[in-house]
1. Hand me the list of helices (runs of 4 or more DSSP H) wholly inside region B:126-220 holding 2 or more residues that are modelled with pLDDT under 80, more than 14 Å from the chain's Cα centre (by Cα) and not hydrophobic (A, V, I, L, M, F, W, C).
2. Quickly run through region A:445-468 and pick out the residues that are under 22 Å from A:Gly363 (Cβ atoms), out of contact with any Leu (no Cβ under 7 Å at 6 or more places or on another chain) and part of a helix (DSSP H, G or I).
3. Tell me, yes or no, whether region B:43-52 has at least one residue that is assigned to a helix (DSSP H, G or I) and loosely packed, with under 15 Cβ neighbours inside 10 Å.
4. Could we say that A:Thr654 is out of contact with any strand residue (DSSP E or B) (no Cβ under 8 Å at 6 or more places or on another chain), more than 30 Å from A:Leu294 (Cβ to Cβ), of a type in the set (S, T, N, Q) and at the interface with chain B (Cβ under 10 Å from one of its Cβ atoms) here?
5. Report the residue count in region A:523-578 for those that are among the hydroxyl-bearing types (Ser, Thr, Tyr) and within 20 Å of A:Leu447 (Cα to Cα).
6. Return the residues of region A:331-371 that are of a type in the set (D, E, K, R) and either over 14 Å from the mean Cα position of the chain (by Cα) or not in a helix (DSSP H, G or I) (or both); say none if nothing qualifies.
7. So A:Ser97 fits all but one of (1) at pLDDT 90 or above; (2) surrounded by fewer than 17 Cβ atoms within 10 Å (Cβ to Cβ); what number is the exception?
8. Can you find even one residue in region A:288-301 that is farther than 19 Å from A:Leu345 by Cβ, in a helix (DSSP H, G or I) and either of a type in the set (Gly, Ala, Ser) or modelled with pLDDT of 90 or more (or both)?
Amino acid sequence: MIAATAWLLLGVAGLILVPRLPAISKPVFLLGALVGVLVGATALGFLGAPAETAVLVIGLPDLPFHLRLDNLTAIFTLILGFASAGISLYATGYFHSGHDRPSGLLCLEYHLFLGSMLMVLLADDAYAFMVAWELMALSSYFLVTTDHAIPEIRRAGFLYLLMAHVGAVSLLLCFGVLQGGHGAYTFAYMRQAQMTPYWASIAFLLALFGFGAKAGLVPVHVWLPEAHPAAPSPVSALMSGIMLKTAIYGLLRVTFDLLHLQISWWGSLTLALGLITALYGVIFAAVQSDMKRLLAWSSIENIGIILAGFGLTVIFSADGKGMLAALALTATLYHAVNHAFFKGLLFVGTGSVLHATGTRQMGGLGGLIRTMPWTAWLTLIGALAIAGLPPLNGFVSEWLLLQAFLLTPGLHQNYLNMVIPVAAASVALAAALAAYVMVKFYGVVFLGQPRDPSLKDAHEAGWLQRLGMIWLALGCILLGLLPTQFIGWMAPTVKQLTGQSLVNDGSWLMLAPVNAERASYSPLIFLAVVLVALALTFLFVRKVYHGRVRRADPWDCGFPEQTPRMQDSAEGFGQPIRQIFQAFMRVERETPTPFDRTPHYHGASVDKIWTLLYLPIARVAGWLSEQAGRLQHGRIQWYLIYSFATLIFLLVFTQ
Amino acid sequence: MATTYPLQIVNLLAAILLLISFAMLSQRRVVGLVTLFAWQGAALASSTAIIAWSTGQHHLYYSAGLTLLLKVIAMPWFFYRLVRKLDINRDVEPMLNNTATMLIGIALVIFAFNLALPISQMAGTVTRSTLGVAMACVLLAFLMMITRTKALPQVIGFLAMENGLFFAATSATYGMPLVVELGVALDVLVGVFVLGIFFFQIRETFDSLDLKHMEKLREK
């Protein structure tokens, strides 16, 4: 709470001081980062302790804000604190340099956004939750539309605001169902409310829709690929890394805490939707040629994986398999933490590239590892982590999730037992495609030759930006190397929700969920083996093979003039995926004729959900409002007749 | 028998009020309309005063005084000045012809009386029989607003509606609390001033006070 106030005060201070004293923005963002570390550390220190509650006097009369800090809140506060610390650190440098000088307003919105996310996590009544939720949506909306002079950004912002509000209405209805006729909107009452499975299912579906719209669940994901590229990079990092997690938090809170029962088909539904989301997201990520859009689609994929894990947890929990539920939930939470770090890292890395080169189009980049080594190497850590390669953190959570899938035979429902291996296969497919996407992302942007001569002058990120990236990269590495430690920290949360915590069958060095004989993973040993193998190979090549190297021109296919533009392009790299999954997308392409003197190429893959689902809805809404617009004649007499007729009607009616 | 004479006078005044409402509905000249409005205010003020005297409700005296001051003296004077300044004392063409308007008006009166019947049975005041008249006045004023195209008659229609409401309040419950009445009176006064300013603005923009020019403002 103190931290939320601190962020708020920082924001207000920024608003007042920055226009007058531009130099002040640096300390403000730095202090924001410091507050983030403190928040994270507090949450870490709290884990395992009994829940604390507080009642704030602010709010409407008779409706004070209730706050509660328990283990579920703490684990997400941990994400918020530590990930935002790195991003704020980066933002200190990012917003300071060049034309992106922060306005006081930006400073206010940024810190308001952080504070409202913390409030969402702490809220203990529906009223406070919704206020914080809306505050979060609005502050992020204004952050997205920072460059509101550009029409596409305004459009993206509108779409985001619309989806946020559709989701919020659903949440409001959900809380209305949850209070179960008491009329009391504190979570403490909701926990005690006894509901029939029918009403509980309605509440769950409303929550799934409402939180799904925020998290980017297919088919309510459409705002995400629009809004993330539109926002400044640190904001994209915050939104993707942390804000999406608040939706996961909300779903966990409603399902495992506020509802007293879990029904198996909720889990199956979420699992199915999560897998669809993961595959859909990764396929679209593979065909993007805009860096930030690619990362936004990749966020959708990761949210899909997290939700699949959540679905699995519900299935196990409803089936009475506490141990497996704990495993699945650990995997889910682990992936949520991981995603905050590596996606934050990738987004801020993209921000540095954007800053240095002025373009997000991968077609205009390349070879940046030479001019921007820091950014390139740090981004590589993020890319490897998100691709799920050991010994980094992405591997740990995906491995845990797959373990949870593989341990399923033993459920009481035969159909589920048969279907779940297919689900595990889709998770594996999504993970593999994510690696493909990252090879494309990293290879096209950082490796090869610069596709544009001006890229040779690209400047490296400032030291504060580097520091922010190092912080996030360090998070990725530590989460990858010390999983047992982190799982130990998560144990109280898992225990709170599922009644059991994950049993680690291995030692502190080795992670072995449930049973060491089935599967175990020891990242440190793995790292050591990799390093030793690498060193041996290096020595072997240097000592033994050295001296027999022959240097010659490679065969150039009889085409001696090669330019950097002939490298594999982003579109080219994604082409196989586009071919294979053609059914999901509509490809729009304009190819120039051979005789065109100024050839121009345009290609885009349009989301079919957008054209098949959203455009008809938009058309119907447009038609309805047009019909309603007919009432508007512009003649005052007509308006008077409307109210007169209403009056007469009501009078007759009440008589 | 002491209360019957005042009651009969109130009934008479109520009838006059209704008559004036009809007259306003058919009056085509703006100056005439303002005069009729002043007379309506006068009838209202005197009926309020009589009710106050016969029932001993002292706060109604203030209401009556306020009505006299505002609706009989201040506003008509203001309107006369506006008419002279803006030079708008021409024939007002109504949207419907007079006969049709009158017929609708009669239907409305019947409707209002029908409507007021159950309510006036519940009210415990001696003047409850006039409630129907008050409601008819409200509806007729509304009708007047609908059928006029010029701005000033609309404002007068709005004020006449307020008169009707005031009368309804007096006859059903011996008037609203004084604070409310003072507030309403102030609102009406401010409203009239604002509208007066608007008249000048409208004329400057559209070269006319005919509200049908405002159709241009609608979204295409």
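1. B:151-173, B:178-206
2. A:Pro453, A:Ser454, A:Lys456, A:Asp457
3. no
4. yes
5. Adding up the residues that qualify gives 2.
6. Across region A:331-371, the qualifying residues are A:Arg360, A:Arg370.
7. The single condition A:Ser97 does not satisfy is (1).
8. no
The values are calculated or read from the model by the stated rules, or taken from the named source; none is laboratory data. Small disclaimer: the values here were computed from a predicted structure and weren't measured. Please note: Cβ atoms are built from the backbone with ideal geometry, for glycine as well, and neighbour counts cover all protein chains shown.
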